[in-house]
Each structure stands twice: as structure tokens, then as C-alpha cells.
Amino acid sequence: MSGWTVFLDLNHDGAYDGLEPVATTDVDGGYTFANLQIGDYDVREIVPTGWETAPTFGDNYTTTVFSGAESIVHDFANVNLAVASPATIDGVVWN
């Protein structure tokens, strides 16, 4: 997914405040935040209107940055509601 916004939620309020580090995904959906200090970071994506986070995935993850190491966050996955396929719920009621 290219052109998506991912940011580091430095104040942990769940919203992009305009001053937090931001990255835009490339043609392969990749993004990078470089030159970070050691510590924990909340990485969040901004999910555009018409999309939602796919089941079992989140729109934010916390990762720890260590000195001289590359930290990799869980993948983000989303569903385009305009092209989502209808689904079914099945069940059984019994006594």
C-alpha cells in the first residue's frame, strides 16, 4: 500500500499531532524512521476513510529501539470496505 501515513505517537494519545515523526509508505508499503534514540516507540498508521484494520491486526504497535540495531514492527493490514466481499455468520443454537 503506497502513500499511507505512519507516525511515531510520542505522546501516546493515539492521534497524529503534526509535530510527531511521520513517514509515507513507498510503492512496496515500506516505511522507515531513521536516527532514533534508544527507547520504546508507539508506531501507528492513519487508516483512511473507507478502509478498516483487518481482523487480528492493529493500527498501532509498540517496538523497542536498541543501539545500532534495526527494529522491525508487526505488519499493518487493512481492508478496503468498497471492495470487501460479503461474508456469512453461521452458528447453532441448541439445548
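For the chain, the fraction of C-alpha pairs more than 15 angstrom apart is 67%. Rolling a 1.4 angstrom probe over the chain with all protein chains present gives an accessible area of which 53% lies on carbon and sulfur atoms. What separates the Cα centres of region 9-28 and region 61-95 is a distance of 19 Å.
Report, in debye and to the nearest 20, how large the dipole of the chain comes out about its Cα centre when Lys and Arg carry +1 and Asp and Glu carry -1 on their Cβ.
On the way: 1 positive and 14 negative charges, 29 e Å.
That gives the chain a dipole magnitude of about 140 debye.
Taking all protein chains into account, the per residue accessible area for the chain stands at 74 Å² (1.4 Å probe).
The values are calculated or read from the model by the stated rules, or taken from the named source; none is laboratory data. Since the model is a prediction, treat every value here as computed from it, not as a measurement. Counting neighbours? That spans all protein chains shown, and the Cβs are built from the backbone with ideal geometry, glycine included. We work out accessible area using only protein heavy atoms, side chains counted, and drop any ligands, DNA or RNA first. Shrake-Rupley method; radii C 1.70, N 1.55, O 1.52, S 1.80 Å.
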